[in-house]
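**Q** Handing you this structure, nothing more for now.
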Amino acid sequence: MIAIDSNMAYHGTCDYQKGVPVVQRASSQQKRLLRDFGANIRRWRKVNGMSAVQVAERAFITRQTLRNIENGTGTARMDSLFAVLMILGVDGTVVDAADPYNNNAGRSRIDDILSAGGTI
């Protein structure tokens, strides 16, 4: 993890463009996180006792798209990814994990913004 300032941290390799941090899309850290995320999706499929064919059919995606998601490769569309997460019953968990209110750093930043008169 690379600290950008005292309030935020970014995973992966970071560059700056016009003073703003920009995460490189092809960083090795991002590739590892995508592989880990895909492996977790595969584990959830197995925990639910479902085959890849069953998940792909129920999510209305191709088997190749599911393979790309589970391998952390390719460019699966967000709606395809969420269809898989819904079939596996973890869509709410993923949405909650991305909510800044469910994170200490996020809540702190929100408090700072609101106390300065900003809006979220």
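**Q** Quick one: Asn71 ticks every box in (1) within 21 Å of the chain's Cα centre (by Cα); (2) over 20 Å from Trp44 (Cα atoms); (3) among the polar types (S, T, N, Q) bar one, so which box is it?
**A** The one condition Asn71 does not meet is (2).
**Q** Going through the range 71-87 one residue at a time, which ones are in a helix (DSSP H, G or I), without any contact (Cβ under 8 Å) to a residue 12 or more places away in the chain and more than 17 Å from Arg58 (Cβ to Cβ)?
**A** Result: Met78, single match.
**Q** Residue check, Tyr101 against (1) touching a helix residue (DSSP H, G or I) at 6+ places or on another chain (Cβ under 9 Å); (2) surrounded by 10 or more Cβ atoms within 10 Å (Cβ to Cβ), all met but one. Which one?
**A** Exception for Tyr101: condition (2).
**Q** If I ask for residues that are within 13 Å of the chain's Cα centre (by Cα) and without any contact (Cβ under 8 Å) to a residue 12 or more places away in the chain, which ones from the range 38-68 would you list?
**A** Listed by number, the list holds a single entry, Asn40.
**Q** Please work out if Ser28 is exposed (fewer than 12 other Cβ atoms within 10 Å of the Cβ) and under 17 Å from the mean Cα position of the chain (by Cα).
**A** Judged against the criteria, Ser28 is a match.
**Q** Any chance you could count how many residues in the range 64-83 are modelled with pLDDT of 95 or more, surrounded by 12 or more Cβ atoms within 10 Å (Cβ to Cβ) and farther than 21 Å from Val95 by Cβ?
**A** 3
**Q** OK, next. Restricting the first residue to the range 103-120 and requiring it to be over 19 Å from Thr93 (Cβ atoms), which pairs with a second residue that is assigned to a helix (DSSP H, G or I) and among the β-branched types (Val, Ile, Thr) meet a Cβ separation below 7 Å and a spacing of at least six or different chains?
**A** Short answer, once both residue conditions are applied: Ile120/Ile110; Ile120/Ile113.
**Q** So Gly19 ticks every box in (1) in contact with a helix residue (DSSP H, G or I) (Cβ under 8 Å, 6 or more places away or on another chain); (2) at positive phi but one. Which box is left unticked?
**A** All conditions pass for Gly19, except number (1).
The values are calculated or read from the model by the stated rules, or taken from the named source; none is laboratory data. Just so it is clear, the structure is predicted and the values come from calculations on it, not from any experiment. Glycine gets a Cβ as well: all are built from the backbone with ideal geometry, and neighbour counts include every protein chain shown.
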